[in-house]
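Trainee: One structure, as structure tokens, below. Some questions next.
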Amino acid sequence: MDIILIDGKVYEWLEKTSNKMNNSDRAIRIDLLAKTEGLKSAEKYFDNLQGTAKTKKTYGALLNCYCKEIFLEKALNLFERMKELRLSSTLNYNNMMSLYLNLDKPEKVPILAEEMEWENIIFDLYTYNQIMNSYASLKNFDAVEGVIEKMNKNKVMFDWFTLGNLAKIYTNASLFKKANATLDNMEKLENLRDREAFHILITLYAQTSNLDGVNRSWDSLKLVGMTNNVNTYLNRPKYTKDYIDGVKLFVRKAMANYATEEEIKCPCRKCENRLWWSAGDVESHLICSGPSMSFIKWIYDVTLLIDKTDNMDFEPNPGFGDNLDEMLDVTHGNMGPNADARKFYRLINDGKQPLYPGCKNFSRLSFLVMLYHWKCLNGVTKSAFEELLQLLK
Ligand SMILES: [Zn+2]
């Protein structure tokens with residue numbers, strides 16, 4: 001809040017001392033004024049703008065404020081004026097659609113979509129998502145499918161957000177088969193790296209009682225966490241846990257794959273892969289002297305090797321490996337202990353068997369706590385969660 005206030009002052013100062021403000025600056029100013037001094041202030045500022053400063057951007061900023069604050073009348077009046085001036089854009093239509101969805105008037109959204117088509121205003125992914133959501137609220141799932149057909153016809157690339165949204169629509173409508181097919185497509189997206197995407201996968205697979213899906217997504221999430229960590233550990237200071245853990249993992253992988261008589265080439269700054277040392281020596285070289293710049297890529301490649309000794313103990317952040325106390329802590333930290341949680345812990349108190357025979361990564365308990373964590377964060381319904389627990393038994 002302080003920063004915003006300071007920003008507000010900066011804009012005031014900018015405007016008084018120079019005419020360097022452009023229309024994007026003015027649009028930001030409108031937004032800031034609405035946040036700090038209220039809508040009245042933003043409106044006054046907009047009204048006092050010279051004609052040339054009343055553009056797509058400044059109009060759009062004010063409309064955005066009205067939509068966020070859910071002032072339907074004001075938003076409608078302004079939007080009509082913008083349309084008359086031929087200033088309306090995809091963004092403005094998206095704002096109006098959100099406003100109607102927030103006001104629980106989903107039936108208005110398809111009308112806006114039609115208008116956009118009529119005016120040749122292109123849909124972006126957000127537009128498509130809001131149209132889908134409106135049809136879902138109206139329980140018109142054929143129309144939801146129609147939106148997808150249209151996206152396919154227009155060769156729109158589905159991102160994980162859209163697929164996640166669609167899967168959620170299907171899940172909420174108990175169309176589990178379709179939900180799972182959509183989640184499957186989401187899993188197959190190239191370069192799926194976003195944690196949030198995996199959280200959605202895990203949650204929705206859980207809600208549709210697809211345990212295989214939950215396991216698969218959880219493994220992928222761990223792998224992504226591992227890859228993210230591994231790809232950066234050499235940039236971290238040499239005394240940090242990330243760095244040291246990374247080095248240890250590298251040494252273990254190198255020993256498993258490249259050792260000759262219990263020694264590996266040392267890629268430290270001094271040895272530069274010319275000298276052979278034991279695991280302990282290479283580890284301390286890398287921690288004391290640091291890696292040779294010429295071998296950074298090789299070190300990462302080796303660290304990322306997956307072999308039979310790999311039990312993925314390089315944990316994603318925040319590590320939900322098998323450290324139960326830590327996990328309970330994280331869960332408590334976010335949600336606060338409550339009666340439900342205590343009951344849950346009692347319920348699974350006997351869960352210290354492996355998740356499945358031979359599984360070394362998780363005990364049932366740790367896996368369930370991980371799931372419970374997601375239940376809390378994502379508001380999975382009690383019945384859906386209990387159904388999943390039944391499956392696990
Ligand atoms: Zn060395």
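Here, each number is a calculation from the coordinates, and none is a lab measurement. As the structure is a computational prediction, the values presented were derived from the model and not from experiment. Here the Cβ is made from the backbone with ideal geometry for all residues, glycine too, and neighbour counts use every protein chain on show.
Trainee: Going through the cross-link list LYS150/LYS188; LYS241/LYS297; LYS35/LYS83; LYS188/LYS222; LYS177/LYS222, which pairs have a Cα-Cα distance over 19 Å in this structure?
Mentor: LYS150/LYS188; LYS241/LYS297; LYS35/LYS83; LYS177/LYS222
Trainee: For segment 232-303, what is Rg from Cα atoms divided by 2.2 N^0.38 Å, rounded to two decimals? Walk me through the numbers before you get to the answer.
Mentor: On the way: Rg = 10.7 Å, N = 72, 2.2 N^0.38 = 11.2 Å.
So segment 232-303 has a normalised radius of gyration of 0.95.
Trainee: Based only on other Cβ atoms within 10 Å, what is the fewest-to-most ordering of MET21, MET116, MET97, MET293? Numbers along the way, then the final one.
Mentor: Details: MET21 14, MET116 21, MET97 26, MET293 10.
The most exposed by this proxy come first: MET293, MET21, MET116, MET97.
Trainee: Could you give the nm distance between label points at ILE111 and GLU196, where each point is 7 Å from its Cα heading toward the beta carbon?
Mentor: Placing both labels 7 Å beyond Cα along the Cβ direction yields 3.1 nm.
Trainee: Rounded to the nearest 20 debye, what is the charge dipole size of segment 136-262 about its Cα centre when +1 sits on each Lys and Arg Cβ and -1 on each Asp and Glu Cβ?
Mentor: 220 debye
Trainee: While we're looking at this one, here's another question. Spelling out what I want: for every residue of segment 51-63, take phi, set θ = phi - 60°, compute 6.51 cos²θ - 1.76 cosθ + 1.60 (Karplus), and round to whole Hz; glycine and proline get x.
Mentor: Karplus-based 3J(HN,Hα) across segment 51-63 equals x, 5, 8, 8, 10, 3, 5, 6, 4, x, 4, 5, 4 Hz.
Trainee: OK, next. Based on the alpha-carbon gyration tensor of segment 155-218 and its eigenvalue square roots a ≥ b ≥ c, which shape applies: rounded if a/c is under 1.5, prolate if not and a/b is larger than b/c, or oblate? Can you show the working numbers first?
Mentor: Working: a/c = 1.84, a/b = 1.16, b/c = 1.58.
Cα axes put segment 155-218 in the oblate bin.
Trainee: Full-extension gain between ASN172 and ASP219, please, as 0.36 nm times their residue separation minus the C-alpha to C-alpha distance.
Mentor: Result: 14.4 nm gained on full extension.
Trainee: FRET efficiency for ARG269 and THR240, Cβ-Cβ distance as r, R0 = 22 Å, nearest 0.05?
Mentor: FRET efficiency, ARG269 to THR240: 0.75.
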